[in-house]
1. For region 196-216, give me each residue that is without any contact (Cβ under 8 Å) to a residue 60 or more places away in the chain, over 18 Å from GLY149 (Cβ atoms) and outside any strand (DSSP E or B).
2. Test THR96 against the stated conditions and say whether it is of a type outside the set (D, E, K, R) and more than 16 Å from the ligand (Cβ to nearest atom).
3. Would you mention how many residues in region 185-223 are within 20 Å of ALA15 (Cα to Cα) and not hydrophobic (A, V, I, L, M, F, W, C)?
4. Just one of THR52, THR14, THR18, THR58 is surrounded by fewer than 18 Cβ atoms within 10 Å (Cβ to Cβ) and either under 16 Å from the mean Cα position of the chain (by Cα) or of a type in the set (Phe, Trp, Tyr) (or both); which is it?
5. Checking SER137 against (1) within 12 Å of the ligand (Cβ to nearest atom); (2) small (Gly, Ala, Ser); (3) at pLDDT below 90, which test does it fail?
6. Would you check which residues across region 42-81 are in contact with a Leu (Cβ under 8 Å, 6 or more places away or on another chain) and within 14 Å of the ligand (Cβ to nearest atom) and list them?
7. Grab the strands (runs of 3 or more DSSP E) fully contained in region 11-65, keeping just those with 2 or more residues being under 20 Å from PRO144 (Cα atoms).
8. Here are some conditions: (1) within 12 Å of the ligand (Cβ to nearest atom); (2) at pLDDT below 95; (3) within 19 Å of LEU53 (Cβ to Cβ). VAL147 meets all but one. Which one does it not meet?
Amino acid sequence: QKQGPLAGRTCLVTAGPTHEPLDPVRYLANRSSGKQGYALAEALADMGAAVTLISGPTTLRPPAGVLTYFCETASQMRDLALAAAHETVFDAAVCTAAVADWRPTSVQSQKIKKINRDDVPPPLALSPNPDILAKLSAPSAFRPHLVIGFAAETETVEAHARAKLARKGCDWIVANNVGEGSDIMGGAENEVTLITQDKVEHWPRLRKDEVARKLALSLADWFLTAHKA
Ligand code: C5P
């Protein structure tokens, strides 16, 4: 591990989308490149933290020096995150993953066939996925000391983010406006608002690695002041 303001700290990061299979060739997913989460894992490790990254399917190379686990579905991501959190009580957990809210209720073991062009499409029954951020945020002996969620919003970003903070039980929310024309999904830049219990910071539009560094520094600050341990 490197020297730096996060030396001795442990961090968990979830990143990327999840893929929820319908059959062997089809899945349901959110749009997510994983770039922001990977950049964050790298920034935290660069500042000395021991980082565990739990990643859904992406095309990215895992950052050097980061313990990375790969998964496909939300249930697998939840299992990996909870297993890691039970092994180490993390100083911080940051959920950047764009977890699919629902999964097909049943997964067909064979490809669902199109028979005739005019056939009615098959129905798509969905079941809710586990909420990993809410689960990590719930009071328990394993709760990371600081739990941070991301919120991709397309309108009234701050109000929605505040509501999410309360609903999920996390400590901070990083809200980004992914509204039309923002070019943030899959792009190299992000424009975020950091919402904590006692402050709101609007950050300028920055490269995702710069957002990652700034967030890692905010964590380091928090450990120094709010949480002397
Ligand atoms: O619920 P919503 O998707 O709006 O909240 C986004 C935040 O919650 C992100 O931090 C995301 O990683 C997390 N989340 C999660 N598990 C889910 C849904 C969202 O960890 N099933």
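The values are calculated or read from the model by the stated rules, or taken from the named source; none is laboratory data. Just so you know, these numbers come straight off a predicted model, no measurement behind them. Virtual Cβ from ideal backbone geometry, glycine too; neighbours counted across all protein chains shown.
1. Residues of region 196-216 without any contact (Cβ under 8 Å) to a residue 60 or more places away in the chain: 196-207, 210, 214.
Still in the running and over 18 Å from GLY149 (Cβ atoms): 204-207, 210.
Those that are without any contact (Cβ under 8 Å) to a residue 60 or more places away in the chain, over 18 Å from GLY149 (Cβ atoms) and outside any strand (DSSP E or B): PRO204, ARG205, GLU210.
2. Criteria not met by THR96.
3. The number of residues fulfilling the criteria is 13.
4. Details: THR52 fails: surrounded by fewer than 18 Cβ atoms within 10 Å (Cβ to Cβ); THR14 fails: surrounded by fewer than 18 Cβ atoms within 10 Å (Cβ to Cβ); THR18 fails: surrounded by fewer than 18 Cβ atoms within 10 Å (Cβ to Cβ).
Checking each option against the conditions leaves just THR58.
5. Going through the list (1) within 12 Å of the ligand (Cβ to nearest atom); (2) small (Gly, Ala, Ser); (3) at pLDDT below 90, SER137 breaks only (3).
6. Selection gives LEU53, ILE54, CYS71, ALA81.
7. Those strands (runs of 3 or more DSSP E) span 50-55.
8. Going through the list (1) within 12 Å of the ligand (Cβ to nearest atom); (2) at pLDDT below 95; (3) within 19 Å of LEU53 (Cβ to Cβ), VAL147 breaks only (2).
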